[in-house]
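Notes for the one structure printed next.
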Amino acid sequence: MNRRALSFFAAVTLLIITMAFAATTTFAQNDSAAPAQSPGSSSSPAPAAPAPAKKVWTNDDMHSAKPNSSDSNAKPAGAANKAKPNTKGKDAGWYRAQITKLQSQIPPLDEKISQLQAALSGQTVNSVRLYGGTKPDDWHDELSRYQKQREDIDTKIAALEDQARHDGVPESELP
């Protein structure tokens, strides 16, 4: 019986300590906004000033708001129409060089495609067929591979032209 009373007493004590710890932690979290009082101040604390209510901005507020002069992101009135400088070093010359490089890859592909189409249609072709592996490729597979390469180059050129327009490069400066 004595042992049972001791366990009950230990459990009750542990429960009280746990509740006291939880209460002080909760109180400390809720009271963290209150300013700390210096030891030399009077015994009656001054009432804390209420925190200003936070503004919740909606899309309507954002459209109607005018930029402050202190806003670092504010742009001058004429800046909207000017082309922004490209920070990546990509100017009209760079785009022109990339597009020209890709366009130079098209004529050899077109020639290979036309030769394969002629061979597949039964016409005589005066070129030697090279074998790069243990078995030659099927002409249909080779033709589809060349056509896919041609489409990929066209897609890359279109993407470069689109990026150039986005960066403010006039179309007249592109090939």
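The values are calculated or read from the model by the stated rules, or taken from the named source; none is laboratory data. None of the values given here were measured: they were computed from a predicted structure. With ideal geometry, Cβ positions are generated from the backbone for all residues, glycine too; neighbour counts draw on all protein chains shown.
When the stretch 153-173 is examined, which residues are found to be loosely packed, with under 13 Cβ neighbours inside 10 Å and not in a helix (DSSP H, G or I)? Passing the criteria: only PRO170.
Inspection of the stretch 164-173 finds a residue satisfying the criterion of being in contact with a helix residue (DSSP H, G or I) (Cβ under 6 Å, 6 or more places away or on another chain) and at pLDDT 85 or above.
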